[in-house]
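Beneath this line is the structure, given in structure tokens, with notes to follow.
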Amino acid sequence: MKIIKVTLPDHSYNVEIESGILSCTGQLVSSVWDERKIALVSDSNVAPLYQQKVSDALISVGFTVHNYQFPAGEASKSLEVLADLTRELAADGFTRDDGVIALGGGVTGDLAGFLAATYMRGISLIQMPTSLLAQVDSSVGGKTAVDLDTTKNIIGAFYQPDLVIIDPETLTTLDRRDLVEGYGEIVKEAALTDGKLWELVKEIESPSAILENAEELSRLSIQYKADVVMGDEKEGGLRQVLNFGHTIGHAIEALADGDLRHGEVVSVGMVAITRIFEEKGLTQAGVTEKLINRLDAVGLPVSSPLLESSDIFDKIKNDKKNHTGHLNLVYLHQIGGPAIKSIPSEEIRDFLNIKALQS
């Protein structure tokens, strides 16, 4: 078993990674929690696959488990669904001594995580991500949130779990698009860190190769993210580099209205921002092409017609990462050399240059 320790000033936890680990859920959870009532939250796609198996494992070691399910999809990451789940926990008598386990992809992790953060001002949380995107990104670091209208993650909290359990075998039930989407975040972290992760990413030439190397890709990605989070838990400085590709990516995601996945828009966003900074001479020549090669190898999109939308700059300016009238743009000097450039919001259109975005 591979164990990554996340040590923060007020809270520490382990990320445990191993194929087949879902069958050990009872023992793993009982190592961090005493007997209590558990809300096992999953969506309509994941619940039929794993919820009963995990529930049985928890019950076998003495936990009382209530299974909750919500409709799969980003639309469920809402205040309405959050309220429904809160009502269900209240009706079933959950108290501050109980806990929530988020079993599923990124939507489940964000939604159930925010449920744990807000129910009775906070109850215990464990993350059990079943998608590649959730395993390498959203399950680690404590970000929880719901969307409001078309704005992603605008209502949320930093709320760290007590444990993260990752079973790479769950990736075998993903369709090709869902698997490849998560790989977009892996390429992002590889480009930020260089080293072993970038070297491994350079060897991935197909979706099947992602599955073959899933455990090591997850371990290296999560270790990098954990190191960043331990250095900057609340995104006051260093952690902002993890937003590479996200400012433009989130704008495209909002305009796509559900037609593009998060990892796909991050892929497009990374290429767009790198091309712009390379044309300005702030990024080493050839970096854009290196990114395109790694993303295109598995079928991730590297451009989008939505870059031509007249609304894209309004979405970019209104990004929740706008700080006191400035937008911090994360870019690369070179592979493994992230940097941040702060641009006044009113200058963002001229700086990014719509022609450059449409290249």
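Values in this text are rule-based calculations from the coordinates and carry no lab data. These numbers come from a predicted model, not from an experiment. Every residue, glycine as well, gets a Cβ built from its backbone with ideal geometry; the counts of neighbours run over all protein chains shown.
List of remarks:
- Close amide H partners of Thr130, meaning residues 5 or more places away or on another chain with modelled amide H under 5 Å apart, are Gly104, Gly105.
- Here the Karplus curve 6.51 cos²θ - 1.76 cosθ + 1.60, taken at θ = phi - 60°, turns the phi angles of the range 204-214 into couplings of 7, 10, 6, x, 5, 5, 4, 4, 4, 10, 4 Hz, with x standing for Gly and Pro.
- Dipole magnitude (debye, nearest 20) for the range 34-116, charges at Cβ of Lys, Arg, Asp, Glu: 60 debye
- Oblate is the label for the range 253-324, because a/c, from the alpha-carbon gyration tensor with a ≥ b ≥ c as root eigenvalues, is 1.5 or above and a/b does not exceed b/c.
- Helical mean residue ellipticity (222 nm; -39500 (n - 2.57) per DSSP H run of 4+; nearest 500) of the chain: -12000 deg cm²/dmol
- In degrees, nearest ten, helix 176-193 long axis to first principal axis of the chain (Cα): 60 degrees
- Charged-residue dipole, Cβ positions (Lys, Arg, Asp, Glu), the chain about Cα centre, Debye nearest 20: 620 debye
- Our summary gives the range 176-357 a relative contact order of 26 percent, counting only alpha carbon pairs under 8 angstrom and 6 or more residues apart.
- Only the Cβ atoms of Lys and Arg (+1) and of Asp and Glu (-1) were treated as charged; on that basis the dipole of the range 176-357 about its Cα centre amounts to roughly 320 debye.
- Cα-based convex hull volume of the chain per residue, rounded to whole Å³: 120 Å³
- Distant-in-sequence amide H partners of Asn45 (H built 1.01 Å from N, under 5 Å): Ala72
- Within the chain, percent of DSSP bridges classed antiparallel, to nearest 5: 50 percent
- As a rough guide to protection, the peptides 295-304, 91-100 ranked by mean Cβ packing within 10 Å, highest first, stand as 295-304, 91-100.
- Average silhouette area of the range 2-172, convex hull of alpha-carbon atoms, in square nanometres: 8.9 nm²
- Of the residues Thr170, Ile316, Val32, the one whose Cα sits farthest toward the positive end of the charge dipole of the chain, with +1 on the Cβ of Lys and Arg and -1 on the Cβ of Asp and Glu, is Ile316.
- Estimated distance in nm for a label pair at Ser60 and Val32, the labels positioned 7 Å out from Cα along Cα-to-Cβ: 2.0 nm
- Amide proton proximity set for Asn213, modelled H, under 5 Å, gap of 5+: none
- With 26 Å as the limit on Cα-Cα distance, the pairs of Lys234/Lys280; Lys234/Lys317; Lys5/Lys234; Lys2/Lys188; Lys225/Lys290 that go past it are Lys234/Lys280.
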